Amino acid sequence: MKNIKRTATAVALTASTLLVSACSSDTAPKNETATNVADGKPIVNKENWPEKIPTSGLTKNLTLPLEVYMASYEDQVTVEQATNDLQQSCMKDYGIDLTLPRAGANPPPSDNDANIERRYGITNRAEAEKYGYQLPPALREHTKQTLRDLSGVEVEVLTGHTKPQPPSTPKGVKAGEPFAAPGQGTKPARAEHNGKKLKTGGCIGWSKDQLGVKEADPIIVAQLAGDSLMQSMKDAQVIKAIAAWSSCMDGKGHTSLADPYKAMDRGFTNNGEPSQESIALAVDDIDCKKQTGLVTIWFDVESAIQSKQITDNKSRLTGIKEQRGKELAAARKQNAASAQ
């Protein structure tokens with residue numbers, strides 16, 4: 001059960017963890033068409049942005065009730081770009097020129113935290129025939145945007161705390177060898193720089209305050225979505241449908257697959273390129289989902305659970321939606337000003 005819970009939570013939160021740099025569609029900076037110097041490709045290519053609602057596959061036209069309270073990728077991008085612009089402006093007030101990475105360069109596979117396209121395992125047969133369980137190549141690429149190394153004082157002005165010290169090389173690791181380790185602890189920043197008092201939380205904290213950003217809200221909705229997925233997996237209809245899917249897969253030669261997540265684990269290849277075996281497994285996976293009606297059954301059950309969640313948390317969720325609307329309006333205003 002621990003593995004299932006971890007998988008379900010990961011599926012529910014995939015989109016949010018992948019929501020990295022992005023850029024809004026109608027309020028982007030003037031230089032949005034700039035290209036990546038390394039390969040000549042656009043830094044921000046909106047053609048690779050996820051669809052708001054799937055237009056193909058077994059989740060075509062499906063949206064869960066809680067998605068109304070989730071920020072879309074474009075909305076998150078809009079706020080991120082606005083905070084970036086404000087941070088750059090703030091740093092300049094202290095005599096520091098800083099260019100932050102462009103938002104929107106590396107889109108996630110799903111538009112919001114529901115990750116509906118892979119919430120119940122893979123669902124797009126056309127993609128499965130080409131890529132198996134892997135994401136399409138465009139979503140596996142990473143557009144690099146360099147950020148110069150900041151000095152200690154620059155970090156303090158930006159963040160409101162001192163620059164973390166590099167981690168010491170652990171025992172057993174030779175000098176120069178790569179290793180993963182967190183930096184050492186930080187301390188509060190100095191009081192002022194260039195005769196100006198530093199802002200609480202640095203320019204990052206100030207930029208969020210200007211837009212009224214409250215970062216805890218999206219986590220609440222994602223947690224509810226994770227809980228609804230967990231509850232749905234205990235429902236008798238879903239259990240029966242998963243068992244039928246497993247039996248179908250067994251009949252196609254794919255034995256010992258308790259649920260679609262196990263199929264994803266088995267079919268995913270670490271080298272990024274799908275094998276013929278992985279593609280065959282993926283196609284059979286989706287065919288068995290269609291044959292048993294698994295996705296529709298699972299979606300309907302979870303939708304009912306989420307509808308109850310919304311009723312039980314109506315006031316809180318309404319507040320989150322209203323708050324996000326305020327943040328978005330402020331961000332759009334800021335982006336429009338930056339584009340002039």
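Bear in mind that the values in this text are calculations on the coordinates, not laboratory data. These numbers were taken from a predicted model, which means no experiment stands behind them. Neighbour counts run over all protein chains shown; Cβ positions are idealised from the backbone, glycine included.
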How do 329-338, 78-87 rank on mean C-beta neighbours within 10 Å, highest first? 78-87, 329-338
Compute the length gained on full extension between Thr55 and Ala138: take 0.36 nm times their separation in residues and subtract their Cα-Cα distance, giving the result in nm to one decimal. 28.1 nm
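Pulled fully out, how much extra length does the chain show between Ala236 and Gln323, if you take 0.36 nm times their separation in residues and subtract their Cα-Cα distance?
Values: separation 87, 0.36 × 87 = 31.32 nm, distance 3.71 nm.
Gain on extension, Ala236 to Gln323, equals 27.6 nm.
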Set of aspartates and glutamates near Lys208 by C-alpha distance (under 19 Å), chain-local residues within fewer than 8 positions excluded: Glu74, Asp75, Glu80, Asp85, Asp93, Glu154, Glu156, Asp217, Glu322, Glu327
Inter-label distance, nm, simple model (7 Å from Cα along the C-beta direction), Asn270/Ala336: 5.1
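Order the peptides 101-109, 45-53 from the highest to the lowest mean number of other Cβ atoms within 10 Å of their residues. Mind dumping the intermediate values first?
Values: 101-109: 22.4, 45-53: 15.1.
Top to bottom by mean Cβ count within 10 Å: 101-109, 45-53.
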Per residue of segment 296-305, what does 6.51 cos²θ - 1.76 cosθ + 1.60 with θ = phi - 60° give for ³J(HN,Hα)? Whole Hz please, x for Gly and Pro, Karplus curve as stated. 5, 4, 5, 4, 4, 5, 5, 4, 5, 5
How do 135-142, 60-67, 320-327 rank on mean C-beta neighbours within 10 Å, highest first? 60-67, 320-327, 135-142
My understanding is that a pair violates if its Cα-Cα distance is over 22 Å; which of Lys46/Lys262; Lys163/Lys333; Lys214/Lys333 do that in this structure? Lys46/Lys262; Lys163/Lys333
